[in-house]
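Notes for the one structure printed next.
Read the figures in this text as sums done on the coordinates, not as results from a lab. On a predicted model such as this, the values are computed, not experimentally measured, just so you know. Virtual Cβ from ideal backbone geometry, glycine too; neighbours counted across all protein chains shown.
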């Protein structure tokens, strides 16, 4: 189910949460590929309810001005169509957001701006995430502040959207 706000998502989760673990996975999911599928399969194995936060077009564009290739509504619909996913939400980038935690670099600040309100409103039990040393200290602060358990997934080796785009450019 695609939710349009954190409040709507939280209300839906609270109806079914009792005694269940809520897992949060995040990403752009631009040009959905095999490693995206394996990431979502792995996330679902960590708990009972899988919520996937898809970065908005604006948020993806902060990382790479040429992206996204697929619009946020379509990316969210693709993710939501995966059998492992219970709820999907698009998370935007609001540079006016007041951060509750201190970021040590621009990537951490960007990540916190996109997901801070979701951590507060949803209060997932687990954040399933890729191993990214640039974001690790910010994630540790989030885990402590919001009582979330972090579970690292090894970075995919089979495919990446950047790799696919680069192959297409070479053709």
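Report the full-extension gain for the segment residue 140 to residue 162: residue separation times 0.36 nm, less the Cα-Cα distance, to one decimal in nm. Kindly include the intermediate steps, with their values, before the conclusion.
On the way: separation 22, 0.36 × 22 = 7.92 nm, distance 2.69 nm.
Length gained between residue 140 and residue 162: 5.2 nm.
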Worksheet entry | Zero-based 5 Å bins, Cα pair distances in the chain, whole percents | 1, 8, 18, 22, 23, 16, 8, 2, 1, 0, 0
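Applying a 10 Å radius around every beta-carbon, put 119-125, 134-140 in order of their mean neighbour count, most first. Spell out each step's value before the answer.
Numbers: 119-125: 18.4, 134-140: 16.7.
Highest to lowest by the protection proxy: 119-125, 134-140.
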Practice prompt. Please give the calculated 222 nm ellipticity per residue for the chain, where each DSSP H segment of at least 4 residues contributes -39500 (n - 2.57) and the sum is spread over every residue; nearest 500 deg cm²/dmol?
Written response: -14000 deg cm²/dmol
Discussion item. How compact is the range 31-118 by the rule of thumb for globular proteins, expressed as Cα Rg over 2.2 N^0.38 Å?
Written reply: 1.15
